[in-house]
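Notes for the one structure printed next.
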Amino acid sequence: MKELPIGFIDSGFGGLTVVKQSLKQLPNESILFIGDNARCPYGPRPLEEVKKYIWQLSNFLREKGIKMLVIACNTGTAAALEELKKTLPIPVVGVIAPGSRAAIIQTNNKKIGVIGTLGTIKSQIYENTITNKTNDVTVKGIACPSFVDMVETGQLYSGRAKDKVTQELSPILDEEIDTLVLGCTHYPLMRDLIQEVVGPKVHLIDSGVETINDVSMLLDYFNLSRTASDAAMQSPKHIFYTTGDADRFHRMASDWLNQDDLDIRKCEIKGEVIYETYYSES
């Protein structure tokens, strides 16, 4: 069982920010990742629809064989985490609770901001998670619906990028927050731009970093961790699936993960099922 990979699912490229942290913290572990780029973004969709998609992605990876599932998507976590934890026979981890804990620890003035997709913010899952852990913190959440599209379509370096980010963050700039949760795994890909807009005094929380801390702990708890000796005998293998354009996914993943020799495989959605169609190792 411990030789199986960890599974990661996301609506698109954003989950790669969590994978990057896993590669850094858990170098002995293999990874299976699937990004649902064909149906991204999830944020504007009803949570019931998102839950259905998360189940499809989960079933795809479970058929491949995984020992743990990470929902590397805030909207997906809000929609499906509790149901998957109750139903699946393997550990399931989301990204919201780890990010919430880190924000509570980080804040000094007890004013926390959360930015996320429309679905995540409407669910109020961050506000509820944080206030359930402590009652002396104020949480302000705002939706930033254009951010995911900026990442997915490569607009981060356009001349209008900073103007767009400033416009969407404007409701939170006067809230005197000292901590801001990046409540979507796409957002660390634009971390520098967000930091420039909110200023150096606001600490940004990357839920992906905190999530891998939880993953590491659970691997040890369930005796699923691979050791350096295990990795020496059988090298970790990483496979990345996308329901979108495989070549475009390869360019984005290679750039973010700083690796050129990624195993990228294309999937198709047929009805309620996701199928692997072809792959290309570049």
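The values are calculated or read from the model by the stated rules, or taken from the named source; none is laboratory data. Small disclaimer: the values here were computed from a predicted structure and weren't measured. As a convention, Cβ positions derive from the backbone with ideal geometry for all residues, glycine included, and neighbour counts pool all protein chains shown.
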**Prompt:** Which helices (runs of 4 or more DSSP H) sit wholly inside region 38-132 and have at least 1 residues that are at pLDDT 95 or above, among the polar types (S, T, N, Q) and closer than 29 Å to Ser146 by Cβ?
**Reply:** 47-64, 74-87, 96-106
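Conditions tested, residue by residue: (1) of a type in the set (S, T, N, Q); (2) out of contact with any strand residue (DSSP E or B) (no Cβ under 7 Å at 6 or more places or on another chain).
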residue: Ile6; (1), (2): no, no
residue: Gly15; (1), (2): no, no
residue: Lys20; (1), (2): no, yes
residue: Leu23; (1), (2): no, yes
residue: Glu29; (1), (2): no, no
residue: Asn37; (1), (2): yes, no
residue: Glu48; (1), (2): no, yes
**Fill in**
When region 114-146 is checked residue by residue, the ones that are over 19 Å from Gly14 (Cβ atoms) and in contact with a Lys or Arg (Cβ under 8 Å, 6 or more places away or on another chain) are Lys133, Asp136, Val137, Thr138, Lys140
**Message:** Among the numbered criteria (1) among the polar types (S, T, N, Q); (2) surrounded by fewer than 16 Cβ atoms within 10 Å (Cβ to Cβ); (3) over 29 Å from Ser22 (Cβ atoms), which one does Thr138 miss?
**Reply:** (2)
**Request:** Return yes or no: is Asp261 more than 15 Å from Asn37 (Cβ to Cβ) and exposed (fewer than 15 other Cβ atoms within 10 Å of the Cβ)?
**Result:** yes
**Asked** Would you say Ala78 is of a type in the set (A, V, I, L, M, F, W, C) and surrounded by fewer than 22 Cβ atoms within 10 Å (Cβ to Cβ)?
**Response** no
**Prompt:** Restricting attention to region 215-228, does a residue exist that is surrounded by fewer than 20 Cβ atoms within 10 Å (Cβ to Cβ), free of Cβ contacts under 8 Å to residues at least 40 places away in the same chain and polar (S, T, N, Q)?
**Reply:** no
